[in-house]
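The values are calculated or read from the model by the stated rules, or taken from the named source; none is laboratory data. Since this is a predicted model, take the numbers as computed values, not measurements. All Cβ positions, glycine included, derive from the backbone under ideal geometry; neighbour counts span all protein chains shown.
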Amino acid sequence: MVSRIGRRSEIIIKRRRLNTMQQREKGKSAPKAAALKYIAGKDRAPRVTAKGSGILAQKIIELAQKHGIPVKEDPVLMEILAKLDFYQEIPPSIYVVVAEILAFVYSMNNRWRNSKE
């Protein structure tokens, strides 16, 4: 189960594209998704915990939505994350971008927690 509040953060980054048939016709690439995980006090930086394209990307996004994990669309960041290995920490060059996304996640968590009170 995914923790929504506290020091643990997970987020899915995606790049939205057309369906597979339309992509082939237009010469575009398949959809991509990556999952990041960060545990404050334990991890030095967020890590890539899942990534994929096509059907796998769709499954990653579906699982995130099923478990209430925020999904953020960012094509440029997705291209960088796609090049990283599993469980590899994100490079310092994208700390600022990921920090902005984590701020988004914390904001969503606070809204969710406040709606439960």
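Is it the case, given these coordinates, that S53 is of a type outside the set (A, V, I, L, M, F, W, C) and within 11 Å of A34 (Cα to Cα)? Reasoning before the result, please.
Working: of a type outside the set (A, V, I, L, M, F, W, C): yes; within 11 Å of A34 (Cα to Cα): yes.
When the stated conditions are applied, S53 passes them.
Quick one: count up the residues across the range 19-43 that are small (G, A, S) and at pLDDT below 85. Walk me through it before giving the result.
Applying the first criterion (small (G, A, S)) to the range 19-43 yields 27, 29-30, 33-35, 40-41.
Right, trim to at pLDDT below 85 and you get 27, 29-30, 40.
Residues that pass the stated criteria total 4.
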Exercise for the section: Could you tell me whether K51 is modelled with pLDDT of 90 or more, within 10 Å of the chain's Cα centre (by Cα) and surrounded by 12 or more Cβ atoms within 10 Å (Cβ to Cβ)? Expected result: yes
